[in-house]
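**Q** I have a structure here, written as structure tokens, and I will follow up with some questions on it.
The values are calculated or read from the model by the stated rules, or taken from the named source; none is laboratory data. Keep in mind that this is a model prediction, so the values were computed, not measured. Every residue, glycine as well, gets a Cβ built from its backbone with ideal geometry; the counts of neighbours run over all protein chains shown. Please note that ligands, DNA and RNA were not included when accessible areas were found on the heavy atoms of the full protein model with its side chains. Shrake-Rupley method; radii C 1.70, N 1.55, O 1.52, S 1.80 Å.
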Amino acid sequence: MPEDFARNDSAEILLVYRTGGILAIDQRNIALLARVVAKATRPISAEIFYHLPARLSDWTQPANGVRYTRLKNAGEWPLAERIARQANTTVIVFDASLLIAAQDVWHLVGYAQQHAQVLLMPRRVARNPHEPLSGFAMREARLHLQRTVWNRVTDASAMAVLSPRESARSVRAQITYAEILKQGAEADLFAFYGNSRAVSARQSVRWLATTSRTIAAYRHWKAHGAFASAYSQKTPVFHVAQIAVYAATLLCLAAPAAGAIVFAFAVAITPTYFLTNLNLLNPLQTARRLAARFCLYFVG
């Protein structure tokens, strides 16, 4: 997408929120976006896309600048079609994978004036009301892995996209926007960490994601002669650590001491991943995080 689409202070701003079916999270996020619209000093509108619950209007109170649109499905295509119909509009897309922080909305608005695409990534994880503790522990470990090894969070994020100065209603344009929305977290774009908290994963868990990410980076290198900026040099080191943990597990069956040494080597080359962000004053939380991170060595 051409960069000259950005840096246009006259572009309209549209906040889009896609509900996830968890009432408490959707209510909180929609109320926050409504307050942002009400307090904005420049024209900002908000549109709520909902698929579930079916009767969203039963508990919402439409306000000025906020509209509600019922979708037949929760895929990327309806939103891509909506973006393609816009002209000279900054579309900021949120969904129920985040507990949105108000200052992140303002940061996205500001950064969108300088970049055609902007990605907001969460630093922290929050447990949603219906999530089992084991699932929360693995999701927390996955987000920590993404931050420290990939430098890019893919499970939960928000994105600002600047549409062209003229409406592009073609199917090709809609496909392009759908791909941006689906794979944008792994693309070469401006990204920053905010105070919003991840409460769910946008897509189903893909095991061995580090391996598939390296394969995609290799193909990008073969095609363009350089690695994508979203690919971190720490990822190959994590592959070595994974192989070491596999070997340590096998060695432990015959020689536990040798297995412990090999596992210590795996931790020594990935200390930021395995040992950081631990609260030693909370031993149960520390044990939970270490166990989940150990599991991710196998299924990364």
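**Q** State all residues of the range 19-40 that are at pLDDT 85 or above and either under 14 Å from Thr89 (Cα atoms) or touching a His at 6+ places or on another chain (Cβ under 8 Å) (or both); if no residue qualifies, say none.
**A** The one that is at pLDDT 85 or above and either under 14 Å from Thr89 (Cα atoms) or touching a His at 6+ places or on another chain (Cβ under 8 Å) (or both): Thr19.
**Q** Restricting attention to the range 202-221, does a residue exist that is touching a residue at least 40 places away in the same chain (Cβ under 8 Å), closer than 24 Å to Ile22 by Cβ and surrounded by 15 or more Cβ atoms within 10 Å (Cβ to Cβ)?
**A** Checking the range 202-221: at least one residue is touching a residue at least 40 places away in the same chain (Cβ under 8 Å), closer than 24 Å to Ile22 by Cβ and surrounded by 15 or more Cβ atoms within 10 Å (Cβ to Cβ).
**Q** Return the only residue of Ala223, Ala217 being closer than 20 Å to Arg142 by Cα and in a helix (DSSP H, G or I).
**A** Step by step, each of Ala223, Ala217 is checked, and only Ala217 is closer than 20 Å to Arg142 by Cα and in a helix (DSSP H, G or I).
**Q** With Pro43, Pro132 as the choices, which residue is out of contact with any helix residue (DSSP H, G or I) (no Cβ under 9 Å at 6 or more places or on another chain), on the phi < 0 side of the Ramachandran plot and modelled with pLDDT of 90 or more?
**A** Matching residue, one of Pro43, Pro132: Pro132.
**Q** Can you name every residue in the range 226-239 that is open to solvent by 80 Å² or more (accessible area, probe 1.4 Å) and either of a type in the set (A, V, I, L, M) or in a helix (DSSP H, G or I) (or both)?
**A** Lys234
**Q** Can I ask one more? Failed condition for Pro122, given (1) under 29 Å from Ile83 (Cα atoms); (2) open to solvent by less than 20 Å² (accessible area, probe 1.4 Å); (3) out of contact with any Leu (no Cβ under 7 Å at 6 or more places or on another chain), with all others met?
**A** (3)
**Q** Among the helices (runs of 4 or more DSSP H) contained in the range 248-300, which hold 3 or more residues that are among the aliphatic types (A, V, I, L, M)?
**A** The helices (runs of 4 or more DSSP H) meeting that bar are 256-269, 283-299.
**Q** Check Pro62, Pro78 and return the single one that is modelled with pLDDT under 85, open to solvent by 40 Å² or more (accessible area, probe 1.4 Å) and not assigned by the TED database to the domain that holds Lys234.
**A** Pro62
**Q** Here's a check for you: in the range 94-110, which residue that is touching a helix residue (DSSP H, G or I) at 6+ places or on another chain (Cβ under 7 Å) and open to solvent by 10 Å² or more (accessible area, probe 1.4 Å) is modelled with the lowest pLDDT?
**A** Ala96
**Q** Still on this structure, I have one more. Restrict the check to the range 137-160 and report whether at least one residue is over 21 Å from Gly300 (Cβ atoms) and open to solvent by 30 Å² or more (accessible area, probe 1.4 Å).
**A** no
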